[in-house]
1. What order, most packed first, do the peptides 22-29, 328-335, 345-352 have when packing is the mean number of other Cβ atoms within 10 Å of each residue?
2. Can you tally the net charge around Pro265? Count Lys and Arg as +1, Asp and Glu as -1, for every other residue whose Cβ sits under 11 Å from the Cβ of Pro265.
3. Give me the number: length gained by fully extending Ala18 to Lys310, i.e. 0.36 nm times residue separation minus the C-alpha to C-alpha distance, one decimal in nm.
4. Ranking request for peptides 567-573, 446-452: highest mean number of other beta-carbon atoms within 10 Å first, then the rest in descending order.
5. How would you classify the stretch 439-520 from its alpha-carbon gyration tensor, with a ≥ b ≥ c the square roots of the eigenvalues: rounded for a/c under 1.5, else prolate if a/b is greater than b/c, otherwise oblate?
6. Mind checking the per residue accessible area of the stretch 424-474 for me, 1.4 Å probe, whole number of Å²?
7. Can you flag which of Lys573/Lys616; Lys402/Lys475; Lys195/Lys282 are past 24 Å Cα-Cα?
8. So what J values fall out for the stretch 410-421 if you push phi through Karplus, 6.51 cos²θ - 1.76 cosθ + 1.60 with θ = phi - 60°, rounded to Hz, Gly and Pro as x?
Amino acid sequence: MKAKHVKELVTAVGVTIAATLLAASSTTYLSFLSSLENVASDIRVAALQAPMEQSKDIVIAAINEDTVTQFPYRSPVDREFLANLIKTLESKGAKAIGVDVLFDQATEPAKDDLLKQTLREVKVPTFVSYTNTPSIVNEDQLAYLNDFVPEAQRAGANLSTDPFDGAVRWIFPGETDAGMPLGFSRKAAEIMGVKTGKDLVEIAWRPKQDTETPPFPIFPSHAAAILPDEWFAGKMVLIGAVLSITDRHRTPLAVVYGGDEGMMPGIIVQAHSISQFLEGRKPLKLGYEWVVGTSLLFALLGMAIGLLKKGVAFNAISGIALIAALWLGGMLGFTYGLPLIPLVAPTIALALSLWMMDVLLGSAERKQREFVQGAFSRYVSPAVVGQLVDNPEALKIQGERKELTFVFTDVASFTTMSEKLTSEKLSEVLNAYLDGACEIILRYEGTIDKFIGDAIMSIFNAPIPQPDHYSRAVKCALELDVYAEKFRKAQVEVGVPMGVTRIGIHAGQAVIGNFGSRSRMDFTALGDTVNTAARCEGVNKYFGTRICCTDSVVANCPDIKFRPVGDVVLKGKLTPVGLYNPISEEDSKSELFRRYMEVYALLKKEAPEASDAVRKLHSEYPDDPLVCFHFERVESGLNTSLVVMDDK
């Protein structure tokens, strides 16, 4: 694995871990995020929970407004009434009785004594609200409460609320302080033979059967005596206030509902908790390990999107789509049995992961893309630029030695033409010529290295590898030749003395990369191969040809036809190089090509009959440049294909 990939992988893993930990901890310790997670859960619990049949095990004997109007005072609740209510429920066959009324102060002595006696004589398992919390009862109240309620019947009445939004979310376990008994719900469960733990358990709120039916049967306590016995027989009956302003507590259901469901009476809160224990229902909300797990999953998704390196827009669209799927699936899925999966923490994890991946990898990628586009859009075709952007590793900025094919073009007699034209006309002609030539080079995915006046230097097989760079360069040169001749003739017709375009092609090893100073660098190639390619262009004027390429190119272009020019020792060289003139498929089928190849074979062997063969060929094709070139050599006594150049 390359060092860059290892670095990216290490960065991605670090981003995933950081995003996971930040997301999970932020929704735990930051109040506004914790509240937002609670709201996301509360909406599902209140509005999307699957309905349940009304409880058959728990009944509420409600002390409501109609009840308290029967007494001379609203509070404390008339104790003679409570004593009689307990006896009535016992007679109707209640299985257990829970009294959610705090007896922390004296009322009428006779009535107080009656209720105390009733609590001690009742045969039905009975439990009564109790607290020793100093903020609720002072020392005198606690002493009175301890005397009034037998220790075996005491049940912790406290409610566990969320410190962030004040909603009741957990079942108070009790046994939290010295002298604090089991919590009210745990005491009820113990009486019914259900074992409970001391941990703080989240309440699994019992959903309604329908909009009209409450989760638990609620009957007015003052009517209990005349109600059918079967409504209470074999059931746990909870006695508590269901008053408009007394003992009201915010619940998660308040996010959707008002009234008794949102601001719920304490006795109904206790009923939800008790039913959860009795029915063995688990908390709807998943534990902290799920917060971490889902955060990790979405951090990994964010990491994966970031590694695709598709850009900010793609990341944003993908992130929004995943978040929408998470929230929609989490909300609707809950209706069909999906647990309360965390929503805020995974959302934060995904967003953090995408953002950090973009900061640590994406911005570097964009800078690299901008560099590649800026550096090469002027030299290579858009398709090649796209490949470099998608795969920057294909570009090696440092010098690299590799096999390249070079194409040099130059316009003959350009200096003479420039002297005869105004600067404006010269600029117009030259720009038009270069535009057309460059369009052809870029179409063949050549790299335009530089312009030298009217001359163009182009490279094939860099910066993107091209297995067919030899033939690609030759085909490009042939099309350039057709274009340049057509352009020249059009200019001559309008009085512009445009010369022919000469083209040289050579392939070989060269060093390619960015070269220059700190303030200015160019992507170019260096080496003797470049010089040889340039000289191949220049020697065209001696042969009368417009395209000349070396044997290193010909050997790699089996599908293209060439006419050999000669074994040429270029200026400054000692070893001859075979030079060739590429021709079209149509020209390769001509009689001239067949005859020329026969005659050249004789020159190659320096056969005595070669001279006469050249003269005869010249008499038949006096206008062919190469035939004329060899004819002139034969006439000067050179009966060979070896050509030694005295000039570049």
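The values are calculated or read from the model by the stated rules, or taken from the named source; none is laboratory data. Just so it is clear, the structure is predicted and the values come from calculations on it, not from any experiment. Every residue, glycine among them, receives a Cβ derived from its backbone with ideal geometry; neighbour counts consider all protein chains shown. Remember, those area values only see protein heavy atoms, side chains included, never the ligands or the DNA or RNA. Shrake-Rupley method; radii C 1.70, N 1.55, O 1.52, S 1.80 Å.
1. 345-352, 22-29, 328-335
2. Value of the local net charge: -3.
3. Answer, rounded to one decimal: 102.9 nm.
4. Ranked from most to least packed, the peptides come out as 446-452, 567-573.
5. oblate
6. Computed with neighbouring chains in place, this is 38 Å² per residue.
7. From Lys573/Lys616; Lys402/Lys475; Lys195/Lys282, over 24 Å: Lys573/Lys616.
8. Per residue, the Karplus-derived 3J(HN,Hα) values read 8, 8, 5, 6, 5, 4, 4, 4, 5, 6, 9, 10 Hz.
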